[in-house]
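Below you'll find the structure, written out as structure tokens, and then a few comments.
The values are calculated or read from the model by the stated rules, or taken from the named source; none is laboratory data. In this text the structure is predicted, and so the values were computed from the model without any measurement. Cβ sites come from the backbone with ideal geometry, for glycine too, and all protein chains shown count toward neighbours. The protein model used for the area step is the full one, side chains on, heavy atoms only, and it has no ligands, DNA or RNA in it. Shrake-Rupley method; radii C 1.70, N 1.55, O 1.52, S 1.80 Å.
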Amino acid sequence: MAILEALRERHAAECPHCTRATGHINLVFGEGSPNADLVFVGEAPGETEDQTGRPFVGKAGQKLDEMIAAMKLLREQVYIANVLKSRPPNNRTPLQTEVDGCGPFLIEQLCILRPRVIVTLGGPATKLLLATDVGITRLRGTWGTWKAPAWTGLDLSVPVMPTYHPAYLLRNYTAQTRGEVWADLQAVMARIGA
Ligand code: URA
């Protein structure tokens, strides 16, 4: 899709965070169907993503692939992006200044994609899209709404289902957390009629 490619190029040339950040190898713009009903938004590329330039291809990515398959969807049918498009040093949590710099490119990406539903994976994505400081443990499982900010000039509202980040799920692989994520995904499936 030409408009997404144009955004990819503009991000690479102009992102105030990614053009100054050092230590990463590749930018990870995001990938998937430009016509996706469903967009997953993670935190930032990890080591494998940095090496390959693709989102969610490491261990957390394998878990996300399982989640997508459990929803009876193909990875190619959804779109996968992150709050940051370059890997933070040692995978640390994105800083607010980094999110302020790179986050608007995710917002533009979402304005192009206009999905029917967004799933935020973990705290940083939820914080950015729902403009909240409430923790993911409290927010997960409850629908929120992402509204395109005024600077986009678009009147766009998209339902958001916050859930745990797959890396958190892998670190806390209990019947409870697995059941919670599955319940969140089932709510999404019901909403998109999958
Ligand atoms: N974790 C993320 O949040 N995003 C990725 O792309 C990979 C791991």
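Summary table below
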{"item": "Accessible heavy-atom area order of M189, M67, highest first, probe of 1.4 Å", "result": "M189, M67"}
{"item": "Value at 222 nm in deg cm²/dmol, rounded to 500, when DSSP H runs of n ≥ 4 in the chain each add -39,500 (n - 2.57)", "result": "-13000 deg cm²/dmol"}
{"item": "Per-residue ³J(HN,Hα) for the stretch 68-84, Karplus 6.51 cos²θ - 1.76 cosθ + 1.60, θ = phi - 60°, Hz, x for Gly and Pro", "result": "5, 5, 5, 7, 6, 10, 9, 4, 5, 8, 10, 10, 10, 9, 9, 4, 10"}
{"item": "Relative contact order (percent, whole number), the chain, Cα cutoff 8 Å, 6+ residue spacing", "result": "23 percent"}
{"item": "Vicinal HN-Hα couplings computed from phi for the stretch 166-174 (Karplus, 6.51 cos²θ - 1.76 cosθ + 1.60; Hz; Gly/Pro x)", "result": "x, 5, 5, 4, 5, 6, 10, 7, 9"}
{"item": "Among D100, D155, D133: highest mean-square fluctuation, GNM of the chain, C-alpha pairs under 10 Å", "result": "D155"}
{"item": "Cysteines not pairable in the chain (beta carbon separation under 4.7 Å absent)", "result": "C102, C111"}
{"item": "Cβ crowding within 10 Å averaged over residues, with 144-153, 50-59 ranked highest first", "result": "50-59, 144-153"}
{"item": "Proximal lysines to K72, defined as alpha-carbon separation beneath 21 angstrom and excluding residues fewer than eight positions away on the same chain", "result": "K59, K63"}
{"item": "With all protein chains modelled, accessible area of I3 [1.4 Å, Å²]", "result": "100 Å²"}
{"item": "About the Cα centre, charge dipole magnitude for the stretch 2-192 (Lys/Arg +1, Asp/Glu -1 at Cβ), debye", "result": "380 debye"}
{"item": "Cα pair distances of the chain binned at 10 Å [whole percent]", "result": "9, 40, 39, 11, 0"}
{"item": "Beta bridges by DSSP in the chain, antiparallel share as percent, to the nearest 5", "result": "35 percent"}
{"item": "Charge dipole of the chain about the Cα centre (unit charges at C-beta), most positive-ward option of L128, L4, T22", "result": "L128"}
